[in-house]
Amino acid sequence: MADSVLVIGGGVCGIQASLDLGDRGHHVYLVEREPSIGGRMALLDKVFPTNDCSICILAPKMITCFNHPNIEVISYAELEELTGEAGNFKAKIRKKARYVDEDKCTGCGSCCEACVLEGRIPDECNQGFSKRSAAYIPFMQAVPRVATIDPENCLYVTRGKCKRPCVDACQRGAIDLEQKDQILTLDIGVVIVATGLTIYDPTPLAEYGYGRFDNVIHSMEYERLINASGPTGGHLTRRSDSERPKRIAYIQCVGARDQRSGHPYCSSVCCMYATKDSMLAYIHDNDTENFIFYTDLRAPGKGFDEYIKRGEEEYGITYIRARPGEITQDEETKNLRVWYEDTTSGGVKDLEVDMVVLSTAFIPRQDSRDLAKKLGISTDEYGFFAASDSLTSPVDSSTKGIFVAGACTSPMDVTDSVTQGGAAAERASEVLSMMEAVASP
Amino acid sequence: MKAGQVVIELNEPRIVAFTCNWCAYAGADYAGVSRISYPPNVRLIRVMCSGRVEPSFILRALEKGADGVMVGGCHEADCHYVSGNKKALEKVEETKKLLDLLGLGEERVRVKWINANEGEAFANEIKDFTETLKKLGPSPISLVKEPKEGSPKKDLGQIAGETDALLCVECGKCTASCPVSRRKPDFSPRLVVEELLEKLYPQIETSKELWDCLTCKTCEERCPYGVRFSEFVKEARVGIKELSNDGNPTRSGQIFSWMRIMSQDSLDQKRLGWAEGLAYKEVSSSPDDWLFFVGCLPHFEVSHSPIEATPLSIARNSISILNKMGIDPVLLPDERCCGHDLLFAGEADTFIKLANKNWQAFKEAGVKHIVTACPEGYYTLAREYPKVVDGWDIEVKHITEVVAEALDSGSVELDGDLLKETKVTFQDPCRLGRYMGIYEAPRKLLHAIGADLQEMEHYGSGSICCGVSSWVNCGVTAKNIQLSRLGEAKKTGASVLVTACPKCQIHFKCALHGKLPGDKENFEIPIEDITSLVARALGGGENG
Ligand SMILES: Cc1cc2nc3c(=O)[nH]c(=O)nc-3n(C[C@H](O)[C@H](O)[C@H](O)COP(=O)(O)OP(=O)(O)OC[C@H]3O[C@@H](n4cnc5c(N)ncnc54)[C@H](O)[C@@H]3O)c2cc1C
Ligand code: SF4
Ligand code: SF4
Ligand code: SF4
Ligand code: SF4
Ligand code: SF4
């Protein structure tokens, strides 16, 4: 019987699950698709309800996880196939070629600077607000802190044509442009899936002008703009003229609680993070005026209502109960006009602002159904992984020995993701010891 | 008996005479006091001036059972309002043209100038008219029935359920999207539903708001809960109409009258005069044949000539396009109105009658494919007919789709230099766009003729309606919508506003014909239907 745990997804939830299991003496493989673990939380500035610095909380966990004697972090890797059954799974993992020897690389960054494509490739971590090289380290606190050469853009990898200054720049001889994908076959006892969420691209809601108007952005873009380690060094600026927006409107439930875009459920986190975002803008510059257009303010949780109240009283946030119908743009100033019905006093009104932030829906990752198929677990109608019984076994999947946790099961905040990560670790450990007891009486 | 209803038991012609207060009515009165006898077939309706008699009055009289209508006024220079009688003459001429199209014959309407002391002349005219009508025989439409009172109508609660209005969370996105609410602050789609559901029928009787909606579907396009408000309105209007709340129909209901008349059995319509010289046929000879559904264009041509709209050129250009594509379409000599406007104005039963008449005619002509240049007809045939006729199996397309498909397959080529470097802008018709989801086909055609398409601020699914729908409630709000739309078109710098719907064209031209606020330059832009451009790019066609 195999007693290792496979954790898929190295966001805060997967990290927590791995740490809990590792501390209990279980051997864990943490498989992360991206070059670094950390997930969504690594990219956020502050987190509600404490407004603590997100990466400051997460980074120590990331490092502990990486250095943990019982945890093997396999980054830049994906599950190819899972066969067998609880206690005797075989997992085939594709460890993608990153063209850098992880053991030799010190993360000095010389190759990134030397790369002929420096400043040419939109940086996904920064939502495209900045450009990176083909050789890159995704963000400063990345774990593992090693370079990755992006096979989709690197001139040598794609066309075999490049003078390869990156290779010369690396004093450690870590770059290996001939590296190949590796297939690892692992014996696994139980699996935890913690692949997290993604956000809805609001372009199809044409009335809000996302993609058409420079100063309409979505909340993830906002998180990067206000983040001190983001593309603007934490200076919130408008795309159109790099000026600081003084009046900001946040539109809630964009593509969420919305039958037409296929997400009738509530994303449960955005009312809170829009309040957080408004507070941050105010903390940066206290002449900023923030307007939150909400359908219903959903702040269910201890201290959450108080958080909203503080937003109103201490940070001067104006909450307006309306889902705006349209945003129009002033051709010259690129300011935006938000058209809404004042549902409390009646009548169509409009509000001119410098920037609009769309609080866009949390949706399952596009590949969640494929992954579910590989794992033999079921999803709900939207593509979130389904629990076998959401009331009594919220982290058990439909298949024995596979657990699901965090935002890949339903929209949830960091606290809940961590709680679920812990719960999944607990269940995994329980099932492992039960099976062990049966195997060696 | 309802007021205004003419009931004559004898098998005699029934005449309604609209007579002016100052001359003709006084003349009739004089005949009476002088004891000059005249046939009892006439019922007099006194109006202050003959110029007040609209075509709608005459049509309404015919619809209600009159066999003939006379308009009596003062002699030429005697009009007490200077030129009312001249206007009367023009309106009667217009009516005659409409009657001609309907095949009712213009002899059923006449004008007579009669002085206050011309009792004899009045009596003679009535005698003569009675004789003429006897010879003509009873009007084929003398049996037009009013919608049955108490005919099955849906309960508002049921309508709200069926249109998902009960899912509304009162977020106001509909109101904030609605072109009417933007200009008429007391109108809010969500509140219309809410208030109607609260108060039910006492409210519906007075609900003007139900007529304010353009059924443009913008709110529906955006409502997060999929509330189908325009459908709610369409259904709820059936009930409201029965309570005689009719939403101020355009031209006091003239258009609805001839639409209702068109639902009659024994008409002998003469509606194909415009197609002379074009290649078409009246019966299908192969299952691949296309029928061109003309719609109300011949009638619109008559009633909208004062604003220089030329709806018939849309029909002619469409035929010319089809001919150039090697298609000789089928045209039906007895085609009826598609019924769209009646359906959306609460006369569902007349709509069903029209739909079934057309369905019968389509079957008899043996067609399986229909093309139309009118988005409303397109939507109605494609989406509403299958709901009310048995066994609908006909494919329906808009002319822009047919040409766009031919372009794709390479079976037709358009002159790519026709509008080389010309900036144009395009009005998405509600029925073509939001109702049928066709946005690309017309744009593809514009591109193919070399036009430089400049989109308006609102375009595609966010496009704004031309301001009036189903011929109701054309008022200040409608004008404001039209002007702001023309303003948007103008701002693009385009030299022509391309339309793809006869009504869009009519409504914009109408707005341009009225008083324009401030500088005309902000609004005035030539308007041309897409069929005219395409026909020209195929080496045929006429401006229109
Ligand atoms: C704009 C925004 C602001 C937010 N603000 C706050 C806040 O202030 N406070 C708060 O509590 N919460 C906030 N959240 C929510 C918070 O980000 C989530 O609750 C949390 O990140 C969920 O953690 P997770 O580990 O479940 O998922 P994620 O953080 O999404 O991590 C999932 C990980 O799995 C990896 N992965 C995905 N698919 C695969 C695969 N097939 N194979 C291997 N690896 C895979 C991903 O690369 C990622 O690293 C915010 C979210 C957003 C979008
Ligand atoms: S091979 Fe060329 S393109 Fe690729 S990482 Fe090195 S320098 Fe950049
Ligand atoms: S690959 Fe070499 S140059 Fe690049 S970060 Fe690693 S050690 Fe530095
Ligand atoms: S949390 Fe708030 S903004 Fe997000 S979907 Fe729910 S109600 Fe809408
Ligand atoms: S947009 Fe839809 S849910 Fe919102 S108020 Fe209007 S009808 Fe109701
Ligand atoms: S259908 Fe159009 S006019 Fe009617 S309420 Fe909706 S948006 Fe307004």
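The values are calculated or read from the model by the stated rules, or taken from the named source; none is laboratory data. These numbers come from a predicted model, not from an experiment. With ideal geometry, Cβ positions are generated from the backbone for all residues, glycine too; neighbour counts draw on all protein chains shown.
To keep it simple, each residue is scored yes or no on (1) within 29 Å of the chain's Cα centre (by Cα); (2) of a type in the set (Asp, Glu); (3) within 29 Å of residue A:62 (Cα to Cα).
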| site | (1), (2), (3) |
| --- | --- |
| A:137 | yes, no, yes |
| A:141 | yes, no, yes |
| A:145 | yes, no, yes |
| A:148 | yes, no, yes |
| A:157 | yes, no, no |
| A:161 | no, no, no |
| A:167 | no, no, yes |
| A:173 | no, no, yes |
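Condition check: in contact (Cβ under 8 Å) with a residue 60 or more places away in the chain, more than 26 Å from residue B:249 (Cα to Cα) and under 21 Å from the mean Cα position of the chain (by Cα). Does residue B:472 satisfy that? When the stated conditions are applied, residue B:472 does not pass them. Scanning the range A:203-241 for residues that are over 28 Å from residue A:140 (Cβ atoms) and of a type in the set (Lys, Arg) yields one hit, A:212.
How many residues, within the range B:419-434, are part of a loop (DSSP other than H, G, I, E, B) and surrounded by 20 or more Cβ atoms within 10 Å (Cβ to Cβ)? The number of residues fulfilling the criteria is 5. Across the range A:332-347, the qualifying residues are those that are more than 7 Å from chain B (Cβ to nearest Cβ) and touching a residue at least 24 places away in the same chain (Cβ under 8 Å), and the one among them that is surrounded by the most Cβ atoms within 10 Å (Cβ to Cβ) is A:336. Among helices (runs of 4 or more DSSP H) entirely within the range B:327-403, having at least 2 residues that are hydrophobic (A, V, I, L, M, F, W, C) and crowded, with 24+ Cβ neighbours inside 10 Å singles out B:340-344, B:348-365. Looking at B:184, B:208, B:199, just one residue is more than 16 Å from ligand 4 (Cβ to nearest atom) and farther than 28 Å from residue B:511 by Cα, and that residue is B:199. Please specify each residue of the range B:220-243 satisfying the condition of being within 16 Å of ligand 4 (Cβ to nearest atom) and of a type in the set (A, V, I, L, M, F, W, C). Hit for the range B:220-243 is B:223, nothing else.
Only one of the listed residues (B:437, B:416) is assigned to a loop (DSSP other than H, G, I, E, B), within 23 Å of residue B:221 (Cβ to Cβ) and small (Gly, Ala, Ser). That residue is B:437. Restricting attention to the range B:96-138 and to residues that are touching a Leu at 6+ places or on another chain (Cβ under 7 Å) and β-branched (Val, Ile, Thr), the residue that is farthest from residue B:264 (Cα to Cα) turns out to be B:111. Among the residues of the range A:279-305, those that are within 12 Å of ligand 1 (Cβ to nearest atom) and either among the hydroxyl-bearing types (Ser, Thr, Tyr) or over 30 Å from residue A:383 (Cα atoms) (or both) comprise A:279, A:280. Of all residue pairs spaced 6 or more apart or on separate chains, those with beta-carbon atoms under 6 Å, a first member in the range A:179-195 that is closer than 13 Å to residue A:92 by Cα and a second member that is among the hydroxyl-bearing types (Ser, Thr, Tyr) are A:186/A:29; A:188/A:4. Given the criteria within 14 Å of another protein chain (Cβ to nearest Cβ), more than 16 Å from ligand 5 (Cβ to nearest atom) and under 14 Å from residue A:275 (Cα atoms), does residue A:351 qualify? Criteria not met by residue A:351. Selection over the range A:354-367 of residues that are within 19 Å of the chain's Cα centre (by Cα) and either surrounded by 21 or more Cβ atoms within 10 Å (Cβ to Cβ) or within 14 Å of chain B (Cβ to nearest Cβ) (or both) gives a count of 8.
I'd like to know if the range A:404-416 contains one or more residues that are away from ligand 4 (no atom under 16 Å from the Cβ), within 14 Å of another protein chain (Cβ to nearest Cβ) and among the small types (Gly, Ala, Ser). The answer is no, given that none of the residues of the range A:404-416 is away from ligand 4 (no atom under 16 Å from the Cβ), within 14 Å of another protein chain (Cβ to nearest Cβ) and among the small types (Gly, Ala, Ser).
Residues in the range B:181-199 that are at pLDDT 90 or above and within 10 Å of chain A (Cβ to nearest Cβ): B:181, B:182, B:183, B:184, B:187, B:188, B:189, B:190, B:191. I'd like to know if the range B:165-177 contains one or more residues that are closer than 30 Å to residue B:434 by Cβ, in contact with a strand residue (DSSP E or B) (Cβ under 9 Å, 6 or more places away or on another chain) and without any contact (Cβ under 8 Å) to a residue 12 or more places away in the chain. Yes - at least one qualifying residue is present in the range B:165-177. Of the helices (runs of 4 or more DSSP H) lying entirely inside the range B:200-279, the ones with 2 or more residues being more than 14 Å from chain A (Cβ to nearest Cβ) are found at B:201-206, B:209-212, B:229-242, B:254-261. Going residue by residue through the range A:56-66, is there one that turns out to be assigned to a loop (DSSP other than H, G, I, E, B) and more than 16 Å from ligand 6 (Cβ to nearest atom)? Scanning the range A:56-66, I find no residue that is assigned to a loop (DSSP other than H, G, I, E, B) and more than 16 Å from ligand 6 (Cβ to nearest atom), so the answer is no.
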